Amino acid sequence: MTEGNHKPWKVLYLAAEAAPLIKVGGLADVAGALPAEMRRKGHDVRIVLPLHPSLRGMVAGKKPDARPAVSARGSMMQAEAYRTELGGAPVYLIDGPPLRATDSIYHADSGRDAPKYVFFSLAALELVRTLGWKPDLVHTNDWHTAAANLWLAGRGRPDRFFKDTRSVLSIHNLPYFGQNAGWALAQFGLGVPEHPTPKIDSGLAEGDRFGALPYWAFSTLLPLGIAAADMNITVSPSYAEEILTPEFGAGLEDYLRTQTDRLTGILNGIDPAVWDPSADARLPSRFGPDTTALRAANKAALQQRMRLDADPDVPLVGIVSRLNEQKGIDLALAALECWCGRGNQAVILGAGDPWLEQQCAAFAARHRRRAAVETGYHDDLAVLIYGGSDYFLVPSRYEPCGISQMIAMRYGSLPVVRAVGGLKDTVRDISGDAGTGLVFTDASSTSAAMALGRAEELFRQKDRLTAAQRLGMEKDFGWARSVEEYLAVYRRVLAG
């Protein structure tokens, strides 16, 4: 029995990526940690992932553990499932013709990815039927797995095996809708349910969930999945509120305002055992909340590695990020021109938009010995930036959750963030009580530069700086906190 003496739930967890097996973004961190935490609570959670090209070596020479089949245009398309394990949770890697036809995890055109992800989602459902393992709940993530929600809301209702299965969908990044999926939906016989009946008490009849969608959403996977799911979860409380507004709703805000009874926000977490500066062997000097002075050796190592002037008395700001418009990298560069122009230092690690990569390189060239950029992602350098920088800049235009600011706080680097989404939920400005960073409001380089100006002043106030570092390092962002909120959502859905 689980905590609270209720029957353990069977939860099928579908995602496009999960760390450390396969990682592109923050979704992987969630999928790699949340199911394992739920299993520690006594629930039978099983993860299903696509067999991406980089994972094929894991199953080379092995026989599939199961061979589910998916209906496609009146014929059956064969899938293969290979079992492995992640964090104590069983993981099934799904392969099949649409997955073998691609050489990447994500294509820039989501329409080209739609067939493989619709196939994957339906194959995951057929997998558990083949195994005879009937899930109480299916938890999907973003548009890549939303076809499972849609199938359960339609063809799954009269299905004897799945008729009692409920579903939730986690929205990690709303604007990534999964557009141009109409032909993939038609290929696998998916459409809007014809005769829906309510599963849980909601303000609208379930038919209105689909009828209220804008016209463009009927060939778009994420909106269809949102309409089909019994509950939708964003990855921070503030983001659940923000997507109801034109600024953040990506054209779906009017619809979402009619569905607030099926929308909630739960803050992502980080694994405190993985992100622990007192035990992290990747750091030249390990430290804790009471030994922040030991960070100085990490700053020196970071300056040496990035060929910056070896000066402990200038503030150093770090960025570890995808280089794109959402992350506000263009805003950061303009603000950092002023910062480095005053003799301060900056380090940027990331990859993304080629134009922004070029702009970052040009910025570093203009400020030699004060600024440095490394393109790509290198785990050891990322940790050195977290553990050696004085400040950590996150000027996002929108940020559903973000975990880099949590890691930065844990490693004693004070975040300088825009007050959006999960950044607003995790960082408290030093102007108030229990401040752990510097927060600015506007999506502008001027606002970011003013926040960095305050950071420069704070750097000279060593007692305040140390106190803020200690508070940030002591914050609890572990999954144990968030998992209880997820289980409460499950409980509500399964009781409906």
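Farthest towards the positive end of the charge dipole of region 292-477, among the residues Gly341, Pro395, Tyr377, is the Cα of Gly341, using unit charges on the Cβ of Lys, Arg, Asp and Glu.
Could you name the lysines in cross-link range of Lys299, using Cα to Cα under 18 Å and dropping any fewer than eight places away on the same chain? Partners found: Lys462.
Share of Cα-Cα pairs in region 206-273 beyond 20 Å, in percent?
Value for region 206-273: 28 percent of Cα pairs lie more than 20 Å apart.
Pairs of Cα atoms nearer than 8 Å and 6+ residues apart set the relative contact order; for the chain it is 12 percent.
Dividing the convex hull volume of the alpha-carbon atoms in region 346-496 by its residue count gives 152 Å³ per residue. Put simply, the amide H of Ser278, placed in the peptide plane, has neighbours under 5 Å in Phe287, leaving out anything fewer than 5 places away on its chain.
Classified by the C-alpha gyration tensor, region 165-304 has a prolate form. Its axis ratio a/c, with a ≥ b ≥ c, is 1.5 or above, and a/b is larger than b/c. Counting neighbouring Cβ atoms within 10 Å and putting the fewest first, the residues Cys360, Cys338 line up as Cys338, Cys360. Under the convention that each Lys and Arg Cβ holds +1 and each Asp and Glu Cβ holds -1, the size of the dipole of the chain around its Cα centre is about 1060 debye. Remark: spin-label model distance Ala495-Asp164 equals 1.8 nm, labels positioned 7 Å along the Cα→Cβ axis.
Quick one: compute the contact order of region 1-120, relative version, from alpha carbon pairs under 8 angstrom and 6+ residues apart, as a percent.
On the way: 190 pairs, mean separation 26.0, N = 120.
Result for region 1-120 is 22 percent.
The string of couplings for region 388-394 from the Karplus curve (6.51, -1.76, 1.60, θ = phi - 60°) is x, 6, 7, 9, 10, 8, 9 Hz, one whole number per residue in order, with x for Gly and Pro. For Rg/Rh (Cα atoms, Kirkwood Rh), the candidate list reads (1) 0.96; (2) 1.16; (3) 0.99; the entry that matches the value derived from this model is (3). Model label points for Asp109 and Thr446, set 7 angstrom from Cα along the Cα-to-Cβ axis, are 4.1 nm apart.
Potential lengthening of the chain between Ala273 and Phe218 amounts to 15.5 nm, from the contour at 0.36 nm per residue minus the alpha-carbon distance.
Give the percent of DSSP beta bridges with both residues in the chain that are antiparallel, rounded to the nearest 5. Intermediate results must be reported in sequence, preceding the final value.
Working: 13 of 61 bridges.
If I count the DSSP bridges inside the chain, around 20 percent turn out antiparallel.
A straight line joining the Cα centroids of region 350-372 and region 111-148 runs 40 Å.
Listing Glu126, Glu241, Glu37 from the residue with the fewest other Cβ atoms within 10 Å to the one with the most, what is the order? Let's see the in-between values first.
Details: Glu126 21, Glu241 16, Glu37 24.
Least crowded to most crowded, the residues run Glu241, Glu126, Glu37.
Fewest-first ordering of Asp433, Asp159 by other beta carbons within 10 Å of each residue's beta carbon gives Asp433, Asp159.
Within the same chain, lysines fewer than 8 places from Lys134 are excluded, and of the rest, those with a Cα less than 27 Å from its Cα are Lys7, Lys10, Lys41, Lys62, Lys63, Lys116, Lys163, Lys199.
Any read-out appearing in this document is the output of simple, stated calculations on the displayed coordinates, not a laboratory observation. Bear in mind that the values here come from a model prediction, so they are computed numbers and not experimental data. Don't worry about glycine lacking a Cβ; one is built from the backbone with ideal geometry, like all the others, and counts go over all protein chains shown.
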